[in-house]
Amino acid sequence: MSANMSNMSVLITGASSGIGRATALMLAERGAALTLAARNYAALTDVTEQARRLGGQAIAVPVDVTQRAQVIELVSEAAATYGRIDGLVNCAGQGVLRPALDLTDEDIDRMLAVNTKGVLVVTQIVVGHMLKTAALRATGRPVGRVITPVGTMGRYVMRGSAAYSASKWGAAGALKAMATEFQRQGIQFTLLYFGGVDSPFWDAIDMPVQRDKMLRPQDAADAIVRALEAPAYSVLNEIVLQPESHQFL
Ligand SMILES: NC(=O)c1ccc[n+]([C@@H]2O[C@H](COP(=O)([O-])OP(=O)(O)OC[C@H]3O[C@@H](n4cnc5c(N)ncnc54)[C@H](OP(=O)(O)O)[C@@H]3O)[C@@H](O)[C@H]2O)c1
């Protein structure tokens, strides 16, 4: 029997696919109030309808996380619908894995814009909102939780990961710095280092990988939900979850 999260408002970026989508559906089963964001509105609407059928409340908001004005609009819409945001799940991200000498400016700029700046800007704006509305709330919960599946390439490296790892180490640095800055104000940060997860992420990557040996999006969603559900007096800081073939990288 799933725990009831019906009084929790959670904003998920990258909710149209993979880990974000699996997390949305798992939270919907627990009755959470969801704000689902990504660029592909048709895919997002599909997830939103499934989430409602599973018992959650859900709205779909098209957003490109690299565009600050769109992120501000997204947070306003979540606040107008649910009154507050208790949890942010940063799943919007893209991957480029190719030899360092083949990386183009477009590859490098896109990795840093989406995976580093996007996570920083979304977190900045959502946490700003969490802090502004904290006084209005008496939920007995932390003021807010920020959960980010940075991935193992934000902690380790591998061949071909120069641009991707740069973007993920950058995101991890930004999130750890914000954790220090906001810890006394009740904002809790979780960084999740997943190894390969069999999601559409890999469709665009030209590299031989064994997708049947990877984690499933549901495994990642489980860890995210666990971080959101942790007792108020505790914070799940970090998890490394690997396919069994990759223990300790
Ligand atoms: N799959 C893995 O092996 C793995 C392992 C560890 C960590 N991660 C990380 O986990 C996160 C989710 O990955 P995934 O496996 O779920 O990949 P995915 O299935 O490709 O999903 C990525 C999501 O990000 C969204 N997105 C991409 N660019 C965006 C932008 N500019 N603005 C808003 N949304 C954007 C996509 O939606 P739209 O295209 O609709 O915008 C999609 O919903 C990523 O940050 C990834 O780096 C993945």
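All of the numbers you see were taken from the coordinates with simple rules; none came from a lab. Fair warning: this is a prediction, and the values are worked out from it, not measured in the lab. Heads up, the Cβs are rebuilt from the backbone with ideal geometry, glycines too, and the neighbour counts pull from every protein chain shown.
Quick notes on this one:
- Furthest towards positive pole of dipole, Leu112, Leu88, His129, structure part the chain, Cβ charges: His129
- Top positive-direction residue, dipole computed over the chain with Cβ charges, set Gly154, Ala38, Ala58: Ala58
- Computed 3J(HN,Hα) for the range 69-75, one whole-Hz value per residue from the Karplus formula 6.51 cos²θ - 1.76 cosθ + 1.60 where θ = phi - 60°, is 4, 5, 5, 4, 4, 4, 5, glycine and proline marked x.
- Extending 7 Å from Cα along the Cβ direction at Val157 and again at Asp46 yields two label points whose distance is 3.8 nm.
- Within a straight-line Cα-Cα reach of under 27 Å, Lys117 can be paired with the following lysines, leaving aside sequence neighbours fewer than 8 residues apart in one chain: Lys132, Lys168, Lys176.
- Here is the tail figure for the chain: Cα pairs spaced more than 22 Å apart come to 50 percent of all pairs.
- When each of the peptides 28-36, 223-231, 210-218, 14-22 is scored by the mean number of other C-beta atoms lying within 10 Å of its residues, the order from highest to lowest reads 14-22, 28-36, 223-231, 210-218.
- Whole-Hz couplings from phi, Karplus 6.51/-1.76/1.60, listed for the range 207-216; x for Gly and Pro: 7, x, 9, 9, 5, 6, 9, 7, 5, 9
- Put a dot 7 Å past the Cα of Glu73, heading toward its Cβ, do the same for Gln185, and the two dots end up 2.6 nm apart.
- Dipole magnitude for the chain: about 720 debye, using +1 per Lys or Arg Cβ and -1 per Asp or Glu Cβ, origin at the Cα centre.
- Separation of the Thr133 and Gln247 label points, Cα + 7 Å toward Cβ, nm: 4.4 nm
- Between the alpha-carbon centres of the range 10-26 and the range 41-83 there is a gap of 10 Å.
- Cα lying deepest toward the dipole's positive end in the range 134-249, options Ile187, Val240, Pro208, charges on Cβ: Ile187
- Derived scalar couplings between HN and Hα for the range 87-102 equal x, 10, 10, 8, 9, 5, x, 9, x, 10, 10, 7, x, 3, 6, 8 Hz in order, rounded to whole Hz, by the Karplus curve 6.51 cos²θ - 1.76 cosθ + 1.60 (θ = phi - 60°), x for Gly and Pro.
- Loop-located chymotrypsin sites (Phe, Trp or Tyr not before Pro) in the range 184-249 (DSSP state other than H, G, I, E, B) with a sparse environment of at most 15 neighbouring Cβ atoms within 10 Å: Tyr233, Phe248.
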